[in-house]
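Peer 1: Right, I'll just put the structure down here and ask away after.
Rule-based calculations on the coordinates, nothing more; no lab input. Small disclaimer: the values here were computed from a predicted structure and weren't measured. Every residue, glycine as well, gets a Cβ built from its backbone with ideal geometry; the counts of neighbours run over all protein chains shown.
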Amino acid sequence: MVVRRVREHGITRLTLDSPHNRNALSARLVGELREALATAADDPGTRAVLLTHTGNTFCAGADLGEAGSDETAPLGLVRLMRALVELPKPVVAAVTGHVRAGGLGLLGACDIAVAGEGSSFAFTEARLGLAPAVISMPLLPRVQPRAAARYYLTGERFDAAEAARIGLITVAGEPDEVLPGVLDGLRAASPQGLAESKRLVTAEVLRAFDRDTDALAGLSARLFASDEAREGVTAFLERRDPVWAR
């Protein structure tokens, strides 16, 4: 099992627990996380979901060493992100490590995200011959446009304070210090109040999914199949610069 589930005081904690590949979006992790979300959705004792991780990485993005199955293909990630957005209960992300590429899509799909001082973030796709295609659907409605342009294009690494400034996360602060107040607030709200309030704040994100899923999933698939992406991914796995960076 690579997604651990425990419920305590109305909060279901889902822990990404695949540190050997930095919690990359393998078929197993994506499948288990979707299943855990569905279970939480049907659980009357769950008021909210807390998504966290083991190891020093929240999520490294796609599992580049894994063949593209239905779960790891672009539409598999779309289904997972949409499940987070459509869940009738708030999802709170607690980050104490690094987040890269597709992992940022998970953050964008969460309702509230808290990240500690040791966290770092980067859109690394362009450096691999790819683009942040499907993850743009939950991210672009929430991230400042100029900041999205800079970090999509450069792949620069940035910290939690910057992530909060541009709207990628909600709060830059240690989760152990910030979360108690947030979770208490969610526990004090009614299930109906939470569900309908979430529907209001996610409406624009869901419109992006309805409008752009086919086009962006197609773009992602085409890029992954391209010669440049093959070189970029191979260079990454071989720990060398791709030909265009030499």
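Peer 1: What is the sum of charges, Lys and Arg at +1 and Asp and Glu at -1, for the other residues whose Cβ falls under 12 Å from the Cβ of residue 48?
Peer 2: +2
Peer 1: Additional query: Using the Karplus curve 6.51 cos²θ - 1.76 cosθ + 1.60 with θ = phi - 60°, what ³J(HN,Hα) values do you get for each residue of region 11-26, in whole Hz, with x for Gly and Pro?
Peer 2: Whole-Hz 3J(HN,Hα) from phi for region 11-26: 10, 8, 8, 10, 10, 6, 10, 10, x, 5, 10, 6, 6, 5, 7, 6.
Peer 1: Amide H of residue 62 versus every other amide H placed in the peptide plane: which residues, excluding those fewer than 5 positions away on the same chain, fall under 5 Å?
Peer 2: For residue 62, whose amide H was placed from the backbone, the distant partners under 5 Å are 25, 102, 103.
Peer 1: To the nearest 0.05, what FRET efficiency results for residue 38 and residue 206 with a Förster distance of 22 Å applied to their C-beta separation?
Peer 2: Values: r = 18 Å, r/R0 = 0.81.
Efficiency computed from Cβ-Cβ geometry: 0.80.
Peer 1: Among 180, 54, 149, flag the residue with its Cα farthest along the positive direction of the charge dipole of the chain, charges on Cβ as +1 for Lys/Arg and -1 for Asp/Glu.
Peer 2: Of the listed residues, the answer is 149.
Peer 1: Using a basic spin-label model with each label point 7 Å from the Cα along Cα→Cβ, how many nm lie between residue 117 and residue 8?
Peer 2: 2.4
Peer 1: Of (1) 17.2, 57; (2) 18.6, 60; (3) 20.0, 66, which one was derived for Rg and Dmax of the Cα atoms in Å from the structure shown?
Peer 2: (1)
Peer 1: With just the Cα atoms of region 103-150, tell me how far they stretch along each of the three principal axes, in Å, largest first.
Peer 2: Largest first, region 103-150 extends 30, 24, 19 Å along its Cα principal axes.
Peer 1: Residue 3's amide H: which non-local residues (gap 5+, or another chain) put their own amide H closer than 5 Å, with H modeled 1.01 Å from N in plane and none for Pro or chain starts?
Peer 2: Those lying under 5 Å, H to H, from residue 3 are 17.
Peer 1: With θ set to phi - 60°, apply the Karplus curve 6.51 cos²θ - 1.76 cosθ + 1.60 along region 129-140 and write out the HN-Hα couplings as whole Hz, x wherever there is a Gly or Pro.
Peer 2: For region 129-140, the Karplus-derived couplings read x, 10, 8, x, 6, 5, 6, 5, 5, x, 8, 5 Hz, x marking Gly and Pro.
Peer 1: Any idea what % of Cα-Cα pairs in region 69-159 are farther than 20 Å?
Peer 2: Of all Cα-Cα pairs in region 69-159, 34 percent lie more than 20 Å apart.
Peer 1: Still on this structure, please answer the following. Note down the nm distance, to one decimal, between modelled labels 7 Å out along Cα→Cβ at residue 176 and at residue 244.
Peer 2: Those two pseudo-labels are separated by 4.3 nm.
Peer 1: If exposed means no more than 16 neighbouring beta carbons inside 10 Å and the site is in a DSSP loop, what's the longest run of the chain without any exposed GluC sites (Glu not before Pro)?
Peer 2: It works out to 157-237.
Peer 1: Taking θ as phi - 60°, what are the ³J(HN,Hα) couplings along region 108-116 by the Karplus curve (6.51, -1.76, 1.60), each to the nearest whole Hz, with x for Gly and Pro?
Peer 2: Values, residue by residue: x, 7, 7, 7, 9, 9, 10, 9, x Hz.
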